[in-house]
1. Only one of these is among the charged types (D, E, K, R), part of a helix (DSSP H, G or I) and surrounded by fewer than 14 Cβ atoms within 10 Å (Cβ to Cβ): 113, 124. Name it.
2. Being touching a helix residue (DSSP H, G or I) at 6+ places or on another chain (Cβ under 7 Å) and without any contact (Cβ under 8 Å) to a residue 60 or more places away in the chain is the filter here, so list the residues in segment 72-98 that pass it.
3. Scan segment 61-113 residue by residue and report those that are under 21 Å from residue 5 (Cβ atoms), of a type in the set (Lys, Arg) and under 9 Å from the mean Cα position of the chain (by Cα).
4. Which residue out of 68, 44 is at pLDDT 95 or above and surrounded by fewer than 18 Cβ atoms within 10 Å (Cβ to Cβ)?
5. If I filter segment 20-29 for residues that are among the charged types (D, E, K, R) and assigned to a loop (DSSP other than H, G, I, E, B), do I get at least one hit?
6. Hey, among the residues in segment 1-18 that are part of a loop (DSSP other than H, G, I, E, B) and hydrophobic (A, V, I, L, M, F, W, C), which one's farthest from residue 87 (Cα to Cα)?
7. What's the total number of residues in segment 101-110 that are surrounded by 15 or more Cβ atoms within 10 Å (Cβ to Cβ), assigned to a helix (DSSP H, G or I) and either of a type in the set (D, E, K, R) or without any contact (Cβ under 8 Å) to a residue 12 or more places away in the chain (or both)?
8. I'm trying to understand the selection: among the residues of segment 74-100, which are surrounded by fewer than 18 Cβ atoms within 10 Å (Cβ to Cβ) and more than 20 Å from residue 18 (Cβ to Cβ)?
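The values are calculated or read from the model by the stated rules, or taken from the named source; none is laboratory data. Not measured: the values here are computed from a predicted model. Cβ placement follows ideal geometry from the backbone for every residue including glycine, while neighbour counts extend to all protein chains displayed.
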Amino acid sequence: MEQKDKTIGLLSIARKAGKLQTGEDAVGVMMAEHRARLIVLASDAGAATVRRVKAQTEGTRQRWLVLDLDKQTLGAALGKASVAVAAFADVSLALAFVRTLEDPDPELVADLEKRVERVKSRAESGKRSKLRKS
């Protein structure tokens with residue numbers, strides 16, 4: 001399977017699982033609530049959209065990147081005509097997605113790996129405390 005196909009396939013899986021939101025309004029809400037784990041922009045996203053994402057993520061732990069996919073290709077992968085911006089709500093899926101990219105940013109991969117480990121450790125400590133209570 002070609003690398004680009006894996007990238008597109010993972011976007012589709014995340015959307016079907018309800019872990020990926022699309023469109024400026026939905027993504028804007030996720031960013032405002034600090035629920036966006038990774039924001040992805042189409043290569044031909046408008047300058048205003050890019051500015052909004054930069055402004056809303058500045059000073060937060062929310063990361064974003066511009067894909068090597070145009071709005072039509074991104075939209076087709078997500079069952080829509082055109083998508084300029086999308087956001088992952090799940091850090092594990094975001095990490096898996098970034099790993100499918102041709103040349104992933106090592107700093108972004110390291111950051112997402114740390115966040116996945118933090119989520120796993122919180123889940124484990126929650127399980128242990130539930131076992132102690134029963």
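1. On inspection, the qualifying residue turns out to be 124.
2. Hits for segment 72-98 are 81, 82, 91, 92, 94, 95.
3. None - no residue of segment 61-113 is under 21 Å from residue 5 (Cβ atoms), of a type in the set (Lys, Arg) and under 9 Å from the mean Cα position of the chain (by Cα), so the list stays empty.
4. Sole residue among the options that is at pLDDT 95 or above and surrounded by fewer than 18 Cβ atoms within 10 Å (Cβ to Cβ): 44.
5. no
6. Applying the filter and picking the extreme gives 1.
7. 0
8. 81, 82, 99
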